[in-house]
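Notes for the one structure printed next.
Read-outs throughout are calculated quantities, based only on the coordinates presented, and are distinct from any laboratory measurement. Treat the numbers as computed from the prediction; the structure is a model and nothing was measured. All Cβ positions, glycine included, derive from the backbone under ideal geometry; neighbour counts span all protein chains shown.
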Amino acid sequence: MNLVRRSAVCAAIVAGPVLAPVAVASAAVTVPFQIDPAPFGNPNGSFDAPAVRCAAVVGEQPGAVTITGDKEGRWGCPLSSEVRWLNLSTGASGSARLSDGLGGIPAETTLPTGAGQLAVAVLPAAGTITPGFAVFYVP
């Protein structure tokens, strides 16, 4: 009986560190990307039109990604922009629109993409702005 208890304790000690990374890997991950403005058709940008920073947040919900701003409070992504996505693993695709930012709620949208490698493009609604895109894995 003593051998069984010792074996169980040893197995728990060995299994603990092995299973711990699984819990860490399931936490939400933020993938930043930027959208470069092209004022007056200038693809090199301008000092008065800085790059816009968006982020893809994966891992909050299985098979879904949230597109939002990269700044504090999830601000920073262009309001009311169109978001197009393609799941490279399954072939599923779709589009959505970022919220309008009214009522102090930052622009964001949650995409039900399913698990797999995902390509996302954000097309701002206003101005001459180069679309931003990112490729990442959705668990």
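Listed values, structure above:
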quantity: Any strands (runs of 3 or more DSSP E) falling wholly within segment 43-139 and containing at least 2 residues that are in contact with a Cys (Cβ under 8 Å, 6 or more places away or on another chain) and either of a type outside the set (Gly, Ala, Ser) or surrounded by fewer than 17 Cβ atoms within 10 Å (Cβ to Cβ) (or both); calculated: 52-58, 65-69
quantity: Single unsatisfied condition, Lys71 versus (1) under 14 Å from Pro32 (Cα atoms); (2) more than 12 Å from the chain's Cα centre (by Cα); (3) touching a residue at least 24 places away in the same chain (Cβ under 8 Å); calculated: (3)
